[in-house]
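Report on the structure given below.
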Amino acid sequence: MPDGEIINNERLEYLGDAILDAIVADFLFHQFPGEDEGFLTKMRSKMVKRKHLNLLAYRMGINKLMVSHTNPSNVSKHMYGNAFEALVGAVFIDKGYKHTYRFIDRIIHRYVDLEKLRMSDSDYKSKIIEWAQKNRQEVVFANREELSVSGHIPQFVSTVLNNGKELGHGSGLSKKEAEQKASRMALETLGQ
């Protein structure tokens, strides 16, 4: 701000996240009239997940417009997706639902390959759980938190166990990311 006050976009991100969820659900409901709730839920999840929002922000050039006073070593890998959500929240406050819907609709048509997204399936944790249920096996996720090499950023480590045997392990900045990486390795170990 001109007066030097630091702006925090978390409230706009919160609003933008909720509005984006509603608009994407509405869009998919009309875009895929023959699909069931499970399909629509998965597609919405793929479209609004942080990794995809970061990609959209890059494609739109949001990363080139941002000014941040954050130490580069502390920059969140989700900063651009968060900025996109804040933008959606700001458009909603300024213009309302209909205009925000048109804004998101244009972004989807310009920057999102719905067919490619439809065919992608990166929820490895769900796949390993499905494998376990189908084969009457038990899988356990052993998780722990560690400090990174620099000692400042927490890192999560996850191991997938089946009957005490390690099938895969992974690490990440969140428990979810670590579990996904561990699940992917476990599926590779099982030849899935």
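Any read-out appearing in this document is the output of simple, stated calculations on the displayed coordinates, not a laboratory observation. What you are looking at is a predicted structure, and each value in this text was computed from that prediction instead of being measured. So basically every Cβ, Gly included, is an ideal-geometry build from the backbone, and we count neighbours across all protein chains shown.
What dipole magnitude, in Debye to the nearest 20, does the range 124-189 give about its Cα centre under +1 on Lys/Arg Cβ and -1 on Asp/Glu Cβ?
220
Relative contact order of the range 10-119, please, whole-number percent, based on alpha carbon pairs below 8 angstrom and at least 6 residues apart.
Relative contact order here is 42 percent.
Pairs of Cα atoms under 8 Å, at least six residues apart: use those to get the relative contact order of the chain, whole percent.
Normalised by residue count, the contact order of the chain is 16 percent.
Measuring from label point to label point, each 7 Å out along Cα→Cβ, what is the I93 to Y111 span in nm?
Output for this residue pair reads 2.0 nm.
Provide Rg over Rh for the range 124-189; use the alpha carbon set for both Rg and the Kirkwood Rh (inverse mean inverse pair distance).
In the range 124-189, Rg relative to Rh is 1.04.
Please state the charge dipole magnitude for the chain, taken about the Cα centre, from unit charges on C-beta atoms (+1 on K and R, -1 on D and E), reported in debye and rounded to the nearest 20.
I would put it at about 460 debye.
Highest first, please rank the peptides 80-93, 32-45, 125-138 by the mean number of other Cβ atoms sitting within 10 Å of their residues.
The peptides rank, most packed first, as 80-93, 125-138, 32-45.
If each residue of separation counts as 0.36 nm, what is the full-extension length gain between S126 and E188 once their alpha-carbon separation is subtracted?
The span from S126 to E188 would gain 20.9 nm if fully extended.
Pick the calculated volume of the Cα convex hull per residue in Å³ for this structure from [x] 148; [y] 120; [z] 174?
Answer label, from the structure shown: [x].
Over the alpha carbons of the range 10-119, what is the largest minus smallest coordinate on each principal axis, giving the biggest first in Å?
Here the spans come out as 48, 31, 22 Å, largest first.
Can you tell me how much longer the chain between F39 and L55 gets when fully stretched, taken as 0.36 nm per residue apart minus their C-alpha distance, in nm with one decimal?
3.6 nm
Pairs of Cα atoms under 8 Å, at least six residues apart: use those to get the relative contact order of the range 124-189, whole percent.
29
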